[in-house]
Amino acid sequence: MPPVQCHNCGLIIQVPDGGRRLCGCGTWLSADEVPVVVEADTSATPDRWPAGDGDLAAIERLNEGYRRIRKELSKAVVGQQRVLEELLIAVFARGHCLLVGVPGLAKTLMIRTLADSLNLSFSRIQFTPDLMPSDITGTEVLQEDRATGQRMFKFLHGPLFANVILADEVNRTPPKTQAALLEAMQERQVTVGGTRHALPDPFFVLATQNPIEQEGTYPLPEAQQDRFMFHILVDYPEEEEEYRIVEMTTAAHAPLIERVLSASDILEIQEIVRKVPVAPYVIRYAMKFTRLTRKEKGEVPDFIRTYVTWGAGPRATQFLVLTAKARAVLHGRYYVSCEDIRAVAAPVLRHRILTNFNAEAEGIKPDDLVRRLADLIPRDPQESVVGSP
């Protein structure tokens, strides 16, 4: 088996004669098609990342910081490892999250502890039906200068001016206030009195929603749901985890959370995530997940036509690739694989696939459709999906 250098990431792969092998970056290599063959170098390390020394050092620091953050979060939060990892992926990918779960599953505690471990300013907004836009953005007040006697308007910042915003029960506030939050999420600014005020950077909105009690609520419009990078499901803990929760929360001990990363560290990490290379095949693999949910375009699987009303848009593909980059960096890799795409497919797509009455009648959830798509979409670029474009 001759050693062949990947033309995308530079990694040296042993490719069987006349055969093919998948590189870690998602590129398929062929002994016949790839002309560049590099002699084996016994002194070289098996992982050659196409990054500068500064980026590699930053990735090592991030990986160490990721382990420390998980350790600090475990002091206050028992279990929920998947939820915590998805939260961190969204933070380092510069996105917002919607956490959905019944009351009492530590959604607020997780967000508060995350903000403490990241050394970021934190603000909690309890959304209620009488909450007005000025209650979250801030307002202009008329003040008088005692020295000169002149009166002027001064802008008083609202609770949105923080790094981490906990929007508790976001669906309980009326559409006008949700629109103000939408501007903050998308533009990272608020507009008051015709003047735009920039929000601090980094800025994350981590919203919670109760899936059970829907009376007196204002369902989030599709445009606002689409702005959330992740839709994270918070489930009940396992039996042993619940035992540890009760044991820990009914004692007098209060955990002390150490601060791991600063705002400047997070901004540096976000920049590194953007630089992570993605093979063309991995991008097309991500595109398959979104394009196969649109029954109006081309041929799609029969179960999509049966259960889906509207499919995911291009923003879903962007978030699939971006969050896969963040996941790869968190795991110490400077390339994106198909497994990274599969790992983030459910939280990215579950709120962007609108199911119909047939799905509701049969108990089919968007997660079920994503799993069936993951089983259907081949990872080999030379294979085709049955009933797909």
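The values are calculated or read from the model by the stated rules, or taken from the named source; none is laboratory data. Predicted model, so just to flag it, every value in this text is computed and none were measured. Cβ placement follows ideal geometry from the backbone for every residue including glycine, while neighbour counts extend to all protein chains displayed.
At-a-glance table
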read-out: Gln178 out of contact with any Asp or Glu (no Cβ under 9 Å at 6 or more places or on another chain) and not in a strand (DSSP E or B); value: yes
read-out: Answer residue from the range 87-135, given it is within 12 Å of Ala207 (Cβ to Cβ) and among the β-branched types (Val, Ile, Thr) and is farthest from the chain's Cα centre (by Cα) among those; value: Ile125
read-out: Qualifying residue in the range 259-269 (condition: surrounded by fewer than 17 Cβ atoms within 10 Å (Cβ to Cβ), closer than 30 Å to Leu354 by Cα and in contact with a helix residue (DSSP H, G or I) (Cβ under 7 Å, 6 or more places away or on another chain)); value: no
read-out: Among residues of the range 160-176, those that are more than 20 Å from Val100 (Cβ to Cβ) and buried (at least 17 other Cβ atoms within 10 Å of the Cβ), counted; value: 4
read-out: Meets criteria (surrounded by fewer than 17 Cβ atoms within 10 Å (Cβ to Cβ) and either within 18 Å of the chain's Cα centre (by Cα) or on the phi < 0 side of the Ramachandran plot (or both)) for Lys71; value: yes
read-out: Subset of the range 245-254 that is loosely packed, with under 12 Cβ neighbours inside 10 Å and not β-branched (Val, Ile, Thr) - its residue that is modelled with the highest pLDDT; value: Glu247
read-out: Residues of the range 148-165 classified as touching a strand residue (DSSP E or B) at 6+ places or on another chain (Cβ under 9 Å), more than 14 Å from Arg188 (Cβ to Cβ) and either in contact (Cβ under 8 Å) with a residue 40 or more places away in the chain or among the polar types (S, T, N, Q) (or both), total; value: 4
read-out: Scope the range 74-87; condition surrounded by 20 or more Cβ atoms within 10 Å (Cβ to Cβ) and at pLDDT 85 or above; matching residues; value: Val83, Glu86, Leu87
read-out: Options Val278, Val348, Val329, Val336; residue that is surrounded by 17 or more Cβ atoms within 10 Å (Cβ to Cβ) and within 13 Å of the chain's Cα centre (by Cα); value: Val348
read-out: Residue in the range 215-228 that is assigned by TED's automatic domain parsing to the domain that holds Arg70, in contact with a Pro (Cβ under 7 Å, 6 or more places away or on another chain), surrounded by 14 or more Cβ atoms within 10 Å (Cβ to Cβ) and at pLDDT 85 or above present; value: no
read-out: From the options Asp145, Asp168, Asp130, Asp226, residue that is more than 22 Å from Ile353 (Cα to Cα) and in contact (Cβ under 8 Å) with a residue 12 or more places away in the chain; value: Asp168
read-out: Filtered residues of the range 201-213 (kept if loosely packed, with under 15 Cβ neighbours inside 10 Å and either touching a residue at least 24 places away in the same chain (Cβ under 8 Å) or aromatic (Phe, Trp, Tyr) (or both)); value: Asp201, Pro211, Ile212
